[in-house]
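First the structure, in the form of structure tokens, and then the observations on it.
The values are calculated or read from the model by the stated rules, or taken from the named source; none is laboratory data. From a predicted model like this one, the values you see are computed outputs, not experimental measurements. Glycine also receives a Cβ, built like all others from the backbone with ideal geometry; neighbour counts cover every protein chain displayed. Heavy atoms of the whole protein, side chains included, go into the accessibility calculation; ligands, DNA and RNA do not. Shrake-Rupley method; radii C 1.70, N 1.55, O 1.52, S 1.80 Å.
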Amino acid sequence: GESVGLHLPTLSVQEGDNSIINCAYSNSASDYFIWYKQESGKGPQFIIDIRSNMDKRQGQRVTVLLNKTVKHLSLQIAATQPGDSAVYFCAEIKSTGNQFYFGTGTSLTVIP
Amino acid sequence: NAGVMQNPRHLVRRRGQEARLRCSPMKGHSHVYWYRQLPEEGLKFMVYLQKENIIDESGMPKERFSAEFPKEGPSILRIQQVVRGDSAAYFCASSPFREETQYFGPGTRLLVL
């Protein structure tokens, strides 16, 4: 399944399928990006980060892709599990700034 | 190494009362950030502090809200004369350096009756 950030705030996928969550960031000067996962009633949890000098970074079952040309960030989750159900936020910051800017978030529901 | 601690986890106040939210950063972290989250929305930056200094408070309302991070003890977000619109989840995050990953606490859920 695939979402387009602000336009599709919810995404449902079957357990075992791959998930793609998208984020369009606004500031071309941003050079550090993070994906956070927030489960209901909890604080955001760091998943993976990427700096602007990279196009791709892989973690355990997750991959982040950065396309600076179109200011687009995506999070790919392989073999999605029920425990992946949560809201996913992308956050951006520029090196001269003090604050992260968070997107609205995408709610991922994994169907067993 | 304990994570970011916030207390209380839930706080109920009546209109006009004061709310005090506390945040203890991770050990070794000297940068603290406060965010507000309304239901079904993303996190909105409020203020960024280092020990004894407010670095950026551009996201904090000019009235009724204040924050501090004293040399000793937790960071405090203080909301005076609360109104119903202040009801939200308030998250604190900390990092070892300014541009580094921010680690979040569990949040304080404020309900104003």
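Select from segment B:28-43 the residues that are closer than 13 Å to B:F104 by Cα and open to solvent by 40 Å² or more (accessible area, probe 1.4 Å) and list them in ascending order. Even if it seems obvious, please write down each step before you answer.
Start the filter on segment B:28-43 by keeping residues that are closer than 13 Å to B:F104 by Cα, which leaves B:29, B:31-37, B:43.
Scanning segment B:28-43 gives a single hit, B:R36.
I need the strands (runs of 3 or more DSSP E) fully contained in segment A:24-112, keeping only those with at least 2 residues that are open to solvent by less than 40 Å² (accessible area, probe 1.4 Å) and under 22 Å from B:F97 (Cα atoms). Break it down into steps so the answer makes sense when it comes.
Numbers: elements: A:32-38, A:45-51, A:56-58, A:62-67, A:72-77, A:86-93, A:106-111.
Fully inside segment A:24-112 and qualifying: A:32-38, A:45-51, A:86-93.
If the requirement is being under 14 Å from the mean Cα position of the chain (by Cα), surrounded by 14 or more Cβ atoms within 10 Å (Cβ to Cβ), assigned to a loop (DSSP other than H, G, I, E, B) and within 14 Å of chain A (Cβ to nearest Cβ), which of these qualifies: B:M60, B:M46?
Values: B:M46 fails: assigned to a loop (DSSP other than H, G, I, E, B).
After ruling out the rest, the residue left standing is B:M60.
Determine if segment B:63-72 includes at least one residue that is of a type in the set (S, T, N, Q), in a strand (DSSP E or B) and free of Cβ contacts under 8 Å to residues at least 60 places away in the same chain.
Pass one, segment B:63-72, residues of a type in the set (S, T, N, Q): B:66.
Applying the additional criterion that residues be in a strand (DSSP E or B) yields B:66.
Of the ones still in play, those that are also free of Cβ contacts under 8 Å to residues at least 60 places away in the same chain are B:66.
Among the residues of segment B:63-72, at least one is of a type in the set (S, T, N, Q), in a strand (DSSP E or B) and free of Cβ contacts under 8 Å to residues at least 60 places away in the same chain, which makes the answer yes.
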| Considering only segment B:69-113, how many residues are of a type in the set (F, W, Y) and either in contact with a helix residue (DSSP H, G or I) (Cβ under 6 Å, 6 or more places away or on another chain) or facing another protein chain (nearest Cβ under 10 Å) (or both)? | 3
| query | Here are some conditions: (1) open to solvent by less than 10 Å² (accessible area, probe 1.4 Å); (2) within 21 Å of A:F46 (Cβ to Cβ); (3) assigned to a loop (DSSP other than H, G, I, E, B). B:V82 meets all but one. Which one does it not meet? | reply | (2)
| What number of residues within segment B:19-40 are assigned to a strand (DSSP E or B), over 18 Å from B:E52 (Cβ atoms) and out of contact with any Cys (no Cβ under 9 Å at 6 or more places or on another chain)? | 4
| query | Does B:A67 satisfy the criteria of being modelled with pLDDT of 90 or more, within 22 Å of A:Y36 (Cα to Cα) and either of a type in the set (S, T, Y) or surrounded by 17 or more Cβ atoms within 10 Å (Cβ to Cβ) (or both)? | reply | no
| said: Would you confirm, using the coordinates I've provided, whether A:G41 is within 14 Å of chain B (Cβ to nearest Cβ) and either within 10 Å of the chain's Cα centre (by Cα) or not polar (S, T, N, Q) (or both)? | reply: yes
| note | Here the residues within segment B:1-18 that are more than 25 Å from A:P44 (Cα to Cα) and small (G, A, S) are B:G16
